[in-house]
Amino acid sequence: MTKFKSKKLDHEKVIRDPVHNYIHIRDKVIYDVIKSKEFQRLRRIKQLGPASYVFPGATHTRFEHNLGVYELTRRICNIFNDRYVSQTPGDGLWNPDETLLAECAALLHDIGHGPYSHTFEHLFNTDHEKMGQKIITDENTEVNKALRQVSPDFPELVAQVIAKTYPNPQVVKLISSQADADRMDYLLRDAYFTGVTYGSFDLTRVLEVIRPYKDGIAFTDKGIHAVEDYIISRYQMYQQVYFHRINRSTEVILHHLLSRAQSLYQEDKHQLLVTPQLAAFLAGDWNLNDYLSLDDGVMETNFSMWRNSSDQILADLATSYLDRHPLESVKVNKATEELIPKLKDLIKEAGFNPEYYTATNSAFDEPYDAYKPSGKNAHSPIEIMQEDGSLIELSEVSPLVKSLNGTLQGDERFFFPKTMVEKNDDLELFDPIYHEFQRYIKNNELYYPDH
Ligand code: ZN
């Protein structure tokens, strides 16, 4: 394999970061990727989308997360290069020649994200993974040009690491596995910016015990508790932050708002005021440049304009989104889901179009799964290396992790307008409808007004 080299900068650049203190840049290629317009665009895309409506501090962006994953990968590679350098091929240790490739892949692992990715992809058939591959491999992008200074095939190899098709599992698993630099960064960063205390874990200790082995990344047995703590913090963050019911309600409103705009535009494009960057997506005819011109600001500009739309539903949804009027929600399960059509009828009778004012939304996560055969966590058990060099899977030595292993955490909720369960004198006219709705909700124990 060729040794990838970058020109060095005359002076090391350091960027202040509240999570990792400093981000260190010595290689010109890293610096040039950061300076590219496609990477700078990440400054304008919030990491957690609309989560700042619940946690006002959470306005951090994809820009700093990508820098953070780069920095963690750089530190891990440093440790590998100090302690675990391969002596003979196949000895399961680290090949220092892979360092620059791992660092570039880490820096670019989320380059394909657009604004409000989750909602946007669902409605407009975009795919951040495919877009990421394209941004890296398309010869017209500044990212591609920066990477090509290393070698002509370097962009392709970076794309392979991110797509998990690169042959060396150590490089791939540094940025995608159940204990990778990506998750380590976003758990710490999201915890810091949301202000919750659950997500923090002992990163220093985790980095102290991380090591390469033949099939990927393992941890020495001195670090079991630090790794255990990382799994628990992940579990907590999903339950408390990522699955927060108001957060999900905001995403539901965003989805309905964009879907209403799309439907109005397709009916008659002249009846909707929309900026050209977004119009391409409403029309279903867009290219890479259109994709790269989107950011949170473009989206919010459209939402602000739609507040004054003559279409009542669009105006109301835009206002609900911008001024934070969340929908109410109840948990549903197999036994209660048959009530939903009746509830929707009542919502309709009360004057709301159920298509734009209700939704069923599931949020489930697997905190840890040692034996998952497919999906994001596939075949990536966390391995603990014992003193004799043998490997043991984490849940076999940690009762805490064992209790989470293979479990599915989360819930399914039905979202509906808050007025349906509010006491409100103005609604006297509709009283029978509201009473009936509330009776349904309460008699079936659907309603847990948890705050
Ligand atoms: Zn990421």
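Bear in mind that the values in this text are calculations on the coordinates, not laboratory data. The structure presented is a predicted model; accordingly, all values stated were derived computationally and were not measured. Every residue, glycine as well, gets a Cβ built from its backbone with ideal geometry; the counts of neighbours run over all protein chains shown.
Pairs from the list Lys46/Lys173; Lys13/Lys46; Lys331/Lys423; Lys8/Lys214 with a Cα-Cα gap above 27 Å: Lys8/Lys214.
Quick check: pseudo-label points 7 Å beyond the Cα along Cα→Cβ at Glu412 and Gln271, how many nm apart are they? Taking the two extended label points, one gets 3.4 nm. Of interest is the spacing of the C-alpha centroids, which for segment 391-410 and segment 264-278 amounts to 50 Å. Each residue, Arg148 and Asp10, gets one label point 7 Å from its Cα in the Cβ direction; the gap between the two is 2.7 nm.
Here the calculated FRET efficiency for Asn140 and Ala163, from their Cβ-Cβ distance with R0 = 25 Å, stands at 0.80, rounded to the nearest 0.05. Loop-located trypsin sites (Lys or Arg not before Pro) across segment 189-218 with a Cβ neighbour count of 14 or fewer within 10 Å are Lys214, with loop assigned by DSSP. Taking a ≥ b ≥ c as the square roots of the eigenvalues of the alpha carbon gyration tensor, the chain is oblate, as a/c is not under 1.5 and a/b does not beat b/c. Calculated [222 nm] ellipticity per residue, helices only, for the chain: -14000 deg cm²/dmol; basis is -39500 (n - 2.57) per DSSP H run with n ≥ 4, divided by all residues, nearest 500. Full extension of the segment from Glu387 to Asp82, taken as 0.36 nm per residue of separation minus the current Cα-Cα distance, would add 107.8 nm. In plain terms, the chain is cut at each of the GluC sites (Glu not before Pro) found in a DSSP loop with at most 10 other Cβ atoms within 10 Å, and the longest leftover piece is 140-386.
Rounded to the nearest 20, the Cβ-based charge dipole of segment 30-171 about its Cα centre (Lys and Arg +1, Asp and Glu -1) stands at 520 debye.
At R0 = 30 Å, how high is the FRET efficiency between Met305 and Asp127 if r is their beta carbon distance? Nearest 0.05 is fine. Efficiency, rounded to the nearest 0.05: 0.65. What is the distance in Å between the Cα centres of segment 95-156 and segment 161-208? Going from one Cα centre to the other spans 18 Å. A straight line joining the Cα centroids of segment 339-355 and segment 1-56 runs 47 Å.
Kindly identify segment 177-317 as rounded, prolate or oblate by the Cα gyration tensor criterion: order the square roots of the eigenvalues as a ≥ b ≥ c, call it rounded if a/c is under 1.5, otherwise compare a/b with b/c, prolate if a/b is larger, else oblate. Judged from the Cα gyration tensor, segment 177-317 comes out prolate (a/c at least 1.5, a/b above b/c). Hydrophobic, long helices, defined as DSSP H runs whose alpha-carbon span along the helix axis is 24 Å or greater and whose mean Kyte-Doolittle value is at least -1.0, occur in the chain at 62-83, 245-267. Other residues with beta-carbon under 14 Å from the beta-carbon of Ser117 carry, at +1 per Lys or Arg and -1 per Asp or Glu, a net charge of -2. For the pair Arg75 and His325 in one chain, pulling the backbone fully straight at 0.36 nm per residue adds 85.7 nm over the alpha carbon distance.
Between the residues His270, Pro152, Ile217, the greatest Cα displacement towards the positive end of the dipole of the chain, with unit charges on the Cβ of Lys, Arg, Asp and Glu, is found for Pro152. Summing Lys and Arg as +1 and Asp and Glu as -1 over all other residues whose Cβ lies under 11 Å from the Cβ of Asp229 gives a net charge of 0.
Taking the three principal axes of the alpha carbon atoms in segment 135-188, the coordinate ranges are 33, 25, 15 Å, sorted in descending order. The ranking of Leu339, Leu72 by Cβ neighbour count inside 10 Å, starting from the fewest, reads Leu339, Leu72. Legend: residue pairs Lys35/Lys145; Lys37/Lys145; Lys269/Lys348, Cα-Cα distance threshold 19 Å; pairs beyond threshold, Lys269/Lys348. Around the amide H of Tyr213, modelled in the peptide plane, lie the amide H atoms of Ala218, all under 5 Å away and 5 or more residues distant in sequence or on another chain.
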